[in-house]
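Below is one structure, written out as structure tokens; comments come after it.
The values are calculated or read from the model by the stated rules, or taken from the named source; none is laboratory data. If you're wondering where the values come from, they're calculated on a predicted model, not measured in any experiment. Don't worry about glycine lacking a Cβ; one is built from the backbone with ideal geometry, like all the others, and counts go over all protein chains shown. Areas reflect the complete protein model, heavy atoms only, side chains present, ligands, DNA and RNA absent. Shrake-Rupley method; radii C 1.70, N 1.55, O 1.52, S 1.80 Å.
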Amino acid sequence: MLANALVAYAHFVAAFGIAATLFFEWFTYSRNLTAREARRLVLADRWYGVFAAALLVAGFTRAALFEKGWSFYAQSPLFHAKLTLFILIGLLSVYPTIRFLKWGPDLKAGRAPQVTDTQHRMISSSLNAEIVLLVPLLLCASLMAKGVGM
């Protein structure tokens, strides 16, 4: 019982962590970043990755060992939709993460990163799409937990 509660807690913390870091990136990112803002974005993006990994581990642990059991989730179309949305969001996050990592030399030198118009547009579009896809993902999670679609 305690293990189930602790894994559920880790799952919720990771989910809220993903939402918080994603919204932070979305609100903070702009065309003319300062070095301080860029460092915060890089740090938030690292935490985003940590939370995503923790969410996967906790989520699969919950599905396999607790709650309704793996067979329930494996047969749920909403579970598959939720995982598909999670993967899409993860794929969309790759480009911003790569760009943020490439800012390293500028940030170490105390300079704000130079962002081209194309890079700005692609990072903004990626963050916008991630935010948009987060909404149906959360809906799938809620409906799936209640057995809708089974």
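Determine whether region 107-114 contains at least one residue that is in a helix (DSSP H, G or I) and over 30 Å from ALA5 (Cα atoms). Scanning region 107-114, I find at least one residue that is in a helix (DSSP H, G or I) and over 30 Å from ALA5 (Cα atoms), so the answer is yes.
Of all the residues in region 100-109, those that are open to solvent by 20 Å² or more (accessible area, probe 1.4 Å) and touching a helix residue (DSSP H, G or I) at 6+ places or on another chain (Cβ under 6 Å) number 1.
Total residues in region 1-25 satisfying the condition of being among the hydrophobic types (A, V, I, L, M, F, W, C) and within 11 Å of the chain's Cα centre (by Cα): the figure is 8.
Do the conditions hold for ALA63, that is, is it at pLDDT 95 or above and out of contact with any Cys (no Cβ under 8 Å at 6 or more places or on another chain)? No: the conditions fail for ALA63. Within region 108-137, being in contact (Cβ under 8 Å) with a residue 12 or more places away in the chain and more than 19 Å from PHE27 (Cα to Cα) holds for GLY110, ARG111, PRO136, LEU137.
Entry remark, region 75-96: residues being open to solvent by 40 Å² or more (accessible area, probe 1.4 Å) and in a helix (DSSP H, G or I) number 11 in total.
Of the candidates ALA64, ALA14, ALA38, the single residue that is free of Cβ contacts under 8 Å to residues at least 60 places away in the same chain and either open to solvent by less than 20 Å² (accessible area, probe 1.4 Å) or not in a helix (DSSP H, G or I) (or both) is ALA14. For region 24-35, taking the residues that are touching a helix residue (DSSP H, G or I) at 6+ places or on another chain (Cβ under 7 Å) and closer than 26 Å to CYS140 by Cα, the one that is least open to solvent (accessible area, probe 1.4 Å) is identified as GLU25. How many residues, within region 1-32, are of a type outside the set (S, T, N, Q), more than 25 Å from THR61 (Cα to Cα) and at pLDDT 95 or above? Summing the residues that are of a type outside the set (S, T, N, Q), more than 25 Å from THR61 (Cα to Cα) and at pLDDT 95 or above in region 1-32 gives 6.
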